[in-house]
Amino acid sequence: VWIRAEPMAQGDRPGVRLQVRDDGRGMDAATRRQAFEPYFSTKEKGSGLGLAICYSVVQRHGGTIVAGSPARGGAEFVLSLPASDHRAAPEEAARTSTPVEPLRIMVMDDEEPVLDIVRAMLERLGHRVVGAACGEEAVAAVRQAQAEGDPVRLAILDLTVAGGMGGLRALEEIRRLDPSLRAIVASGYSSDPVLSDHRRHGFQGALQKPFDQDALAQALSRVASA
């Protein structure tokens with residue numbers, strides 16, 4: 001994979017151009033047209049959400065993302081992003097969260113790289129993590145943890161799972177096992193009503209993808225102290 005970044009201008013506004021290219025088999029015209037559609041995937045086990053989330057994130061930042069298949073082979077994505085004119089206020093730049101005592105946390109996400117990243121962030125924060133790729137696995141993990149006498153105290157549930165039980169249904173099943181378990185919903189779709197009104201749907205917190213370790217720590221702090 002090759003990544004190239006260079007400054008550029010969008011009208012009178014400065015910005016940056018990012019080019020990401022690989023040496024795979026590339027994409028035909030039909031695939032390029034559908035690349036950013038939710039649930040479209042050419043992978044046997046793909047969820048089809050990765051590029052849709054990328055498109056949503058870039059759009060929210062006022063940028064563009066285009067898929068291509070260069071003549072030399074491989075696939076190529078070109079992102080154009082405007083520079084931000086926002087400067088963080090001192091109190092915003094120094095955001096802190098109250099440390100949360102170590103917990104056993106279950107993370108459900110059908111994108112394995114996302115699951116690995118969230119696991120690593122939680123472990124750096126001192127927590128123990130149980131992973132699940134879908135709602136069915138999440139419910140089984142909570143049940144198994146109870147049987148081991150080391151229950152899951154908090155769950156971070158991906159809202160949408162392609163071809164499987166999503167976070168909302170999983171939470172219903174989990175609450176039958178443990179009504180006291182606290183839960184955070186995670187999603188890349190900012191307009192989803194579950195994300196915008198998570199308490200009404202039974203969640204104590206919400207995380208909009210992509211999120212960093214600071215945002216994760218703050219969400220844990222809010223949920224643990226609620």
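The values are calculated or read from the model by the stated rules, or taken from the named source; none is laboratory data. Small disclaimer: the values here were computed from a predicted structure and weren't measured. Glycine gets a Cβ as well: all are built from the backbone with ideal geometry, and neighbour counts include every protein chain shown.
I'm checking my understanding of the structure. Among residues of region 47-59 that are under 15 Å from the mean Cα position of the chain (by Cα) and not aliphatic (A, V, I, L, M), which one is nearest to ASP110 (Cα to Cα)? Explain how you work it out, then say what you get.
Within region 47-59, the first condition is being under 15 Å from the mean Cα position of the chain (by Cα), and the residues that meet it are 47-58.
Those left that are additionally not aliphatic (A, V, I, L, M): 47-48, 50, 54-56.
Values: SER47: 7, GLY48: 10, GLY50: 10, CYS54: 16, TYR55: 18, SER56: 18 Å.
Across region 47-59, the extreme among qualifying residues is SER47.
Quick test for you: out of ARG199, ARG143, pick the one residue that is surrounded by fewer than 21 Cβ atoms within 10 Å (Cβ to Cβ) and at pLDDT 95 or above.
ARG143
For region 150-207, enumerate the residues that are charged (D, E, K, R), more than 14 Å from the chain's Cα centre (by Cα) and not in a loop (DSSP other than H, G, I, E, B).
Passing the criteria: ARG169, GLU172, GLU173, ARG175, ARG176, ARG182, ARG199, ARG200.
Could you check ALA5 against (1) touching a Ser or Thr at 6+ places or on another chain (Cβ under 7 Å); (2) modelled with pLDDT of 85 or more and say which number it fails?
Among (1) touching a Ser or Thr at 6+ places or on another chain (Cβ under 7 Å); (2) modelled with pLDDT of 85 or more, the lone unmet condition for ALA5 is (1).
Restricted to region 161-173, and to residues that are buried (at least 20 other Cβ atoms within 10 Å of the Cβ) and of a type outside the set (A, V, I, L, M, F, W, C), which residue is farthest from ALA206 (Cα to Cα)?
The extreme case among them is GLY166.
Quick check, is VAL194 hydrophobic (A, V, I, L, M, F, W, C) and either within 28 Å of THR42 (Cα to Cα) or touching a residue at least 60 places away in the same chain (Cβ under 8 Å) (or both)?
no
Looking at GLY131, is it assigned to a loop (DSSP other than H, G, I, E, B) and among the small types (Gly, Ala, Ser)?
no
Among (1) under 16 Å from the mean Cα position of the chain (by Cα); (2) free of Cβ contacts under 8 Å to residues at least 60 places away in the same chain; (3) in a helix (DSSP H, G or I); (4) more than 26 Å from SER41 (Cβ to Cβ), there is one condition ARG143 misses while meeting the rest; what is its number?
Single failed check for ARG143: (1).
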